[in-house]
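A.B. asks: Below is one structure. I have some questions about it.
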Amino acid sequence: MSFMECRKFELTLISANDLEDVRKFFKMKVYAKVSIGGNPETEKRTPADKHGKINPAWNFHMTYTVGESAVRHYGTMLVIKLYCKRNLGDRYIGEVHMPVKELFDRAFMCGGGSAVVSLPVKKGSVDSQGLLNFSYRFGERVDVEKLLLAEGFPDWIRYID
């Protein structure tokens with residue numbers, strides 16, 4: 001039996017502040033799509049906030065398992081994309097990218113393996129408008145059987161729940 005070192009990665013999307021108003025005539029209903037490594041199989045989505053408009057709040061928790069290589073080497077990115085829900089097709093607001101390794105290093109520099117961050121929302125290569133606030137925590141390293149992880153998921157990244 002072959003094993004791989006992994007860590008639990010818990011993420012809570014807290015809120016966003018001062019986002020670009022991409023809906024001039026109607027109320028913004030903002031949601032986020034989260035993935036690791038841009039892999040659509042790891043994508044998870046928050047419910048749309050119907051009250052905050054350009055300052056949405058979710059407090060939405062999600063859990064992933066990431067291979068130990070993702071926290072040791074740059075290259076695996078946490079990607080959070082923000083959208084405004086619309087009847088005629090959702091409108092893109094912007095996104096945040098952060099290497100999983102950088103999140104891991106930042107959390108353990110703060111002590112304890114967890115942190116709260118506020119990052120600028122970007123649209124393309126330039127800053128858009130607003131900040132995204134989230135907290136995260138890395139669990140202890142564990143050994144997981146590779147066959148459990150490998151079923152259809154590249155780079156040994158497996159979405160848990």
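The values are calculated or read from the model by the stated rules, or taken from the named source; none is laboratory data. Every value quoted in this text rests on a predicted model; they were computed, and no experiment measured them. Here the Cβ is made from the backbone with ideal geometry for all residues, glycine too, and neighbour counts use every protein chain on show. Remember, those area values only see protein heavy atoms, side chains included, never the ligands or the DNA or RNA. Shrake-Rupley method; radii C 1.70, N 1.55, O 1.52, S 1.80 Å.
A.B. asks: Looking for something open to solvent by 30 Å² or more (accessible area, probe 1.4 Å), aliphatic (A, V, I, L, M) and in contact (Cβ under 8 Å) with a residue 24 or more places away in the chain - is there at least one such residue anywhere in region 25-45?
C.D. replies: No.
A.B. asks: Within 24 Å of R137 (Cα to Cα) and open to solvent by 10 Å² or more (accessible area, probe 1.4 Å): is that true of G52 in this structure?
C.D. replies: Details: within 24 Å of R137 (Cα to Cα): no; open to solvent by 10 Å² or more (accessible area, probe 1.4 Å): yes.
So G52 fails the test.
A.B. asks: It is to be established whether one or more residues within region 14-37 are farther than 22 Å from V116 by Cα and of a type in the set (V, I, T).
C.D. replies: Looking only at region 14-37, we keep the residues that are farther than 22 Å from V116 by Cα, and these are 20-29.
Right, trim to of a type in the set (V, I, T) and you get 22.
For region 14-37, residues farther than 22 Å from V116 by Cα and of a type in the set (V, I, T): present.
A.B. asks: Return the residues of region 13-24 that are part of a strand (DSSP E or B), open to solvent by 30 Å² or more (accessible area, probe 1.4 Å) and out of contact with any Leu (no Cβ under 6 Å at 6 or more places or on another chain); say none if nothing qualifies.
C.D. replies: Residues of region 13-24 part of a strand (DSSP E or B): 13-17.
Within this subset, residues satisfying the condition of being open to solvent by 30 Å² or more (accessible area, probe 1.4 Å) are 14, 17.
I14 - this is the single residue of region 13-24 that is part of a strand (DSSP E or B), open to solvent by 30 Å² or more (accessible area, probe 1.4 Å) and out of contact with any Leu (no Cβ under 6 Å at 6 or more places or on another chain).
A.B. asks: Go through region 75-85 and give me each residue that's farther than 14 Å from A32 by Cα and open to solvent by 50 Å² or more (accessible area, probe 1.4 Å). Break it down stepwise before answering.
C.D. replies: Kept after step one, since they are farther than 14 Å from A32 by Cα, are these residues of region 75-85: 75-77.
Within region 75-85, G75, M77 qualify.
A.B. asks: Hey, another quick one. Residue check, V96 against (1) of a type outside the set (D, E); (2) within 14 Å of the chain's Cα centre (by Cα); (3) over 18 Å from S128 (Cβ atoms), all met but one. Which one?
C.D. replies: Every condition holds for V96 apart from (3).
A.B. asks: Give the residue, chosen from E41, E10, that is farther than 21 Å from L132 by Cα and of a type outside the set (A, V, I, L, M, F, W, C).
C.D. replies: E41
A.B. asks: Which residues, counting only those in region 25-42, are modelled with pLDDT under 95, assigned to a loop (DSSP other than H, G, I, E, B) and either farther than 30 Å from E140 by Cβ or among the charged types (D, E, K, R) (or both)?
C.D. replies: Within region 25-42, F25, F26, K27, M28 meet the criteria.
A.B. asks: Further question on the same structure: So which of R72, R91, R137 is open to solvent by 70 Å² or more (accessible area, probe 1.4 Å), charged (D, E, K, R), over 21 Å from A48 (Cα atoms) and modelled with pLDDT of 90 or more? Walk me through how you get there before you give the answer.
C.D. replies: On the way: R72 fails: modelled with pLDDT of 90 or more; R91 fails: over 21 Å from A48 (Cα atoms).
Exactly one of R72, R91, R137 is open to solvent by 70 Å² or more (accessible area, probe 1.4 Å), charged (D, E, K, R), over 21 Å from A48 (Cα atoms) and modelled with pLDDT of 90 or more, namely R137.
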